[in-house]
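> Would you mind keeping the following structure in view while I ask a few things?
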Amino acid sequence: MSAPKKIAIIGSGNWGSAIGKIIGKNAAESDLFETQVNMWVFEEIVDGKKLTEVINTQHENIKYLPGHKLPENIVAIPDVVEACMSADIHVWVLPHQFVRGICQKLKGNIKPDAIALSLIKGLDESQAGVDLISNVINKELGVEVSVLMGANLAKEVANGMFCETTIGCKNEAHGQLLKEMVQADYFRVVVVEDATTVEICGALKNIVATGAGFVDGLAMGDNTKAAVIRLGLMEMVKFTETFYKGSQTTTFLESCGIADLVTTCYGGRNRRVAEAFVTSGKSIDELEKEMLNGQKIQGPPTAKEVYHLLKAKDCEDQFPLFVAIHKICYEGMPVKGFIDCLKNHPEHM
């Protein structure tokens with residue numbers, strides 16, 4: 001039997017803390033993993049104390065997941081290199097805008113045979129173009145990256161409410177190991193070998209959820225929101241087929257696909273902030289600061305990244321929902337124009 005695997009969690013927001021509850025319990029109970037799980041925590045002062053010290057003494061992330069105890073074998077560490085250098089498995093769970101910066105710190109400082117699991121929803125944009133987050137981690141660090149996406153609102157997972165999730169992998173053995181790491185009786189995992197589609201679903205669904213929030217802000221009702229979900233799903237499938245050949249459309253029927261899309265369009269932070277964007281007249285940045293306690297939404301920045309790709313490929317007209325959401329968030333397009341976009345969508349022509 002191989003030696004137990006050391007786990008490091010990179011990120012400690014509400015989703016990182018919620019999945020940390022499961023990983024910590026599994027690590028403590030399974031011979032497959034070392035008991036101690038390191039969690040990299042961006043150091044903040046909360047109520048006069050360092051957040052890492054609070055987590056390590058009170059075993060609770062009082063800022064991002066208050067009211068939920070973390071397993072005592074979760075150890076908060078403020079230095080990401082220290083947290084990860086001895087780990088065999090890296091669990092990435094932080095806003096996608098920070099991935100490249102963390103990679104630069106970890107480069108040359110981790111085990112060469114480590115593997116990674118990304119829970120990050122979004123796309124990366126650089127001078128080279130738009131890329132998957134898993135590809136960025138792989139290229140920067142040389143590690144194999146699997147992905148986990150699904151209908152997994154963090155607070156519900158933390159409360160132990162039943163849900164499903166999807167792990168997309170390229171190595172079946174690694175997929176099964178990662179399943180052992182994150183599965184619980186209330187958090188059921190399906191492993192598929194179509195990591196690309198799993199990750200794209202996780203990124204694009206936040207764009208659609210932003211549109212669902214616009215609909216709520218306009219008080220247009222559930223029928224209109226259902227149209228946004230359907231048309232958004234159609235654009236997600238078309239985007240995948242256009243830019244990522246070989247993807248399997250059946251993956252959209254997994255939790256990472258239609259299930260995650262539905263729950264995000266009804267219950268996620270992207271929807272809530274987009275609704276407030278319509279009703280308050282405030283900017284996305286202002287609303288993030290007011291509503292999210294230091295967290296970020298991924299829908300608008302992902303819409304911008306997708307828009308730049310579509311514009312470069314001269315195919316904006318094939319993805320009017322994605323384009324409209326970008327233009328509303330960043331170019332001053334009136335929100336009511338979103339409804340016209342739905343009415344004139346090419347799916348109706």
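> Probe of 1.4 angstrom, ligands and nucleic acids ignored: what's the accessible area per residue over the chain, in square angstrom?
42
> For the stretch 83-138, what are Rg and Dmax over the alpha carbons, in angstrom?
11.2, 32
> Could you compute the FRET efficiency for Glu286 and Met234, with r as their C-beta to C-beta distance and R0 at 25 Å, rounded to 0.05? List each step's numbers first, then the result.
Working: r = 32 Å, r/R0 = 1.29.
Efficiency at R0 = 25 Å is approximately 0.20.
> Using the reciprocal of the averaged 1/r over all distinct C-alpha pairs, how large is the Kirkwood radius of the stretch 245-349 in Å?
Taking the inverse mean of 1/r over all distinct Cα pairs, the stretch 245-349 comes out at 15.3 Å.
> Say R0 is 35 Å: what FRET efficiency, to the nearest 0.05, do Thr35 and Ile62 get from their beta-carbon distance?
0.90
> So what are the radius of gyration and Dmax for the Cα set of the stretch 154-229, in Å?
Here Rg and the maximum Cα pair distance are 16.1, 48 Å.
> So what are the radius of gyration and Dmax for the Cα set of the stretch 121-250, in Å?
My reading of the Cα-based Rg and Dmax gives 16.3, 48 Å.
> If you take the beta carbon distance between Lys311 and Asn171 as r and set R0 to 41 Å, what does 1/(1 + (r/R0)^6) give as a FRET efficiency, to the nearest 0.05?
0.70
> If each DSSP helix of 4+ residues adds -39,500 (n - 2.57) and the sum is divided by the residues in the chain, what number results at 222 nm, nearest 500 deg cm²/dmol? Kindly include the intermediate steps, with their values, before the conclusion.
Details: 15 runs with 167 residues, N = 349.
Mean residue ellipticity, 222 nm, calculated: -14500 deg cm²/dmol.
> With the Cα gyration tensor of the stretch 115-173 in hand, give its eigenvalues times 5 under a square root as the equivalent ellipsoid semi-axes, listed largest first in whole angstrom.
For the stretch 115-173, the semi-axes come out at 25, 15, 8 Å.
> While we're here: Can you bin the stretch 33-100 into rounded, prolate or oblate? Criterion: square roots of the alpha carbon gyration tensor eigenvalues sorted a ≥ b ≥ c, rounded for a/c under 1.5, prolate for a/b above b/c, oblate for the rest. Could the numbers behind the result be given before it?
Details: a/c = 1.76, a/b = 1.25, b/c = 1.41.
Note, shape of the stretch 33-100 comes out oblate.
> If you take every residue apart from Thr264 with its C-beta less than 11 Å away from the C-beta of Thr264, what net charge results, scoring Lys and Arg +1 and Asp and Glu -1?
Computed value for this residue: +4.
> Pull out a ≥ b ≥ c, the square roots of the eigenvalues of the alpha-carbon gyration tensor of the stretch 296-345, then state rounded if a/c is under 1.5, prolate if not and a/b is larger than b/c, and oblate in the remaining case.
oblate
> Now a separate question. Between Met349 and Val190, what is 0.36 nm times their sequence separation minus the Cα-Cα distance? Round to one decimal in nm.
Extra length available between Met349 and Val190 comes to 53.5 nm.
> Based on the mean of other Cβ atoms within 10 Å per residue, sort peptides 170-177, 40-47 so the most packed one is first. Kindly include the intermediate steps, with their values, before the conclusion.
On the way: 170-177: 15.2, 40-47: 17.0.
Top of the packing list down: 40-47, 170-177.
> Give the span of the stretch 198-269's Cα atoms along each principal axis, as three whole-Å numbers ordered largest to smallest.
Cα extents, longest axis first: 39, 19, 17 Å.
> Would you mind checking which residues have amide H under 5 Å from Val46's amide H? H placed 1.01 Å from N; only 5 or more apart, or other chain.
Result for Val46 returns Leu51.
> Sticking with this one: What does the charge count around Asn135 come to, taking other residues whose C-beta lies under 14 Å from its C-beta (Lys +1, Arg +1, Asp -1, Glu -1)?
-4
> Still on this model: With viscosity set to 1.567 mPa s and temperature to 4 °C, compute the Stokes-Einstein D of the chain, Rh being the Kirkwood radius across alpha carbon pairs; µm²/s, no decimals.
63
> Please give the per residue volume of the convex hull enclosing the alpha carbon atoms of the stretch 1-160, rounded to a whole number of Å³.
So the per-residue Cα hull volume is 113 Å³.
> Ok, one more. Using the crude model of +1 on Lys and Arg Cβ and -1 on Asp and Glu Cβ, and no other charge, please compute the dipole size for the stretch 93-142 relative to its Cα centre, in debye to 20.
Magnitude of the dipole: close to 160 debye.
> If you take all C-alpha pairs in the stretch 232-295, what percent of them are over 13 Å apart?
Roughly 69 percent, once rounded to a whole number.
> Whole percent per 5 Å bin, from 0 to the bin with the longest distance: what is P(r) over all C-alpha pairs of the stretch 1-54?
4, 19, 24, 21, 15, 9, 5, 2, 1, 0
The values are calculated or read from the model by the stated rules, or taken from the named source; none is laboratory data. This structure is a prediction, so every number in the text was calculated from the model and none was measured. When we count neighbours, we look across all protein chains shown, and the Cβ atoms used for this are built from the backbone with ideal geometry, even at glycine. Ligands, DNA and RNA are excluded from the accessible area calculation, which covers all protein heavy atoms including side chains. Shrake-Rupley method; radii C 1.70, N 1.55, O 1.52, S 1.80 Å.
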